[in-house]
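The values are calculated or read from the model by the stated rules, or taken from the named source; none is laboratory data. Owing to the predicted nature of the structure, the values given are computational and were not obtained by experimental measurement. Cβ atoms come from the backbone with ideal geometry, glycine included; neighbour counts cover every protein chain shown.
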Amino acid sequence: MEREIITIDESRCTGCGNCIPGCPEGALQVIDGKARLISDLFCDGLGACLGHCPTGAMKIESREAEPYDEKRVMHESIVPGGANVIAAHLRHLADHGQDDFLQQAQEYLEEHGLASPRQHVAVPKTVADHAHAGHHHHEGGCPGSRMMDFSAKNSEPAASSAGAPSALRQWPIQLHLVSPQAPYYKGSDLLFAADCTAFAVGDFHDSFMQGKSLAIACPKLDANMEIYVEKLAAMIDTGHLNTITVAIMEVPCCGGLLSIVADALRKAGRKVPVKKVIVSLQGTIVSEEWV
């Protein structure tokens, strides 16, 4: 069957192994100094490993591959690791909205008479439970990179203590942390904003963020721009972005965000409209045009 799956560019891979902890399913190993996908059966294609690769050697492609087998992954890779590994795997599935795989994993635990890791680590039973739990503290994992979709929970934006409503629909927002497979990117209008724009524009949420998904980056200070290109290309192809608005400051270095988008469009199989918005240092709109 044709499905989305990880591919590794060996010419870029340094064999650092940073990607391996990011793959709860155990689909990756470092062999002969290079990261290898050891089995199509183990790769769920969600791209949790992408942000851990410092050289941009990993990307998601659509190709013929064996179907992902959740129960085999549980049997061969997850359960032998113990309760904390099971809990991390279930959180991974819930974070990425994989309710079918999550149900299969829980069925496996029940079928084999295994204790639920909920006794030791907070793990959502369903994706809906996980979305509700997004407002509370969790044991284990990094709350700073946990995926949360705010748009599905409230039709009205939440007001801050100052009374100004927030238009933020998701978490995380930093491009190194986001998953290109996150459900809130699918079919969305993406705002790709330079970090400084939100501080320059007084009504940034109202003027830029309404109804948009969000990713932020700094082309001057962020490292490994290749990863940004790969992630945006995946959002365009598999997430079917509708439009991209690139919000940048008027300083020259900020133009690097446009170059990242241009490179991503060249890699992607789809084309999407791109709007460039330039913001002055005082927060006014210098120019706004489709490019």
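General remarks:
- In region 31-72, the residues that are under 22 Å from the mean Cα position of the chain (by Cα), more than 18 Å from GLU2 (Cα to Cα) and among the hydrophobic types (A, V, I, L, M, F, W, C): ALA35, ALA48, CYS49, LEU50, CYS53, ALA57, MET58
- Output for region 76-103, where each listed residue is more than 20 Å from LEU28 (Cβ to Cβ) and surrounded by fewer than 17 Cβ atoms within 10 Å (Cβ to Cβ): ASP99, ASP100, GLN103
- For region 223-244, the set of residues classified as of a type in the set (Ser, Thr, Tyr) and part of a strand (DSSP E or B) consists of THR243 only.
- Verdict on VAL178 being of a type in the set (Val, Ile, Thr) and either surrounded by fewer than 17 Cβ atoms within 10 Å (Cβ to Cβ) or at pLDDT below 90 (or both): yes
- Looking only at residues of region 185-209 that are surrounded by 16 or more Cβ atoms within 10 Å (Cβ to Cβ) and among the aromatic types (Phe, Trp, Tyr), we find that the one that is farthest from LEU281 (Cα to Cα) is TYR185.
- Identity of the residue in region 160-201, among the β-branched types (Val, Ile, Thr) and part of a loop (DSSP other than H, G, I, E, B), that ends up nearest to GLY239 (Cα to Cα): VAL178
- Strands (runs of 3 or more DSSP E) contained in region 1-82 and holding at least 2 residues touching a residue at least 60 places away in the same chain (Cβ under 8 Å): 2-8, 58-64
- First in region 214-229 and over 18 Å from CYS196 (Cα atoms), second anywhere and assigned to a loop (DSSP other than H, G, I, E, B) and among the small types (Gly, Ala, Ser), Cβ under 7 Å, 6 or more apart: ASN224/GLY56; GLU226/GLY56; ILE227/GLY56
- ALA268 vs. criteria among the aliphatic types (A, V, I, L, M), in contact with a strand residue (DSSP E or B) (Cβ under 8 Å, 6 or more places away or on another chain) and either crowded, with 17+ Cβ neighbours inside 10 Å or in the same structural domain as ILE173 (by TED's automatic domain parsing) (or both): no
- Residues of region 146-175 satisfying the condition of being of a type in the set (Gly, Ala, Ser) and at pLDDT 85 or above: SER166, ALA167
- Test result for ALA247, buried (at least 18 other Cβ atoms within 10 Å of the Cβ) and in a strand (DSSP E or B): yes
- Number of the exception - THR55 against (1) within 20 Å of LYS186 (Cβ to Cβ); (2) at pLDDT 85 or above: (1)
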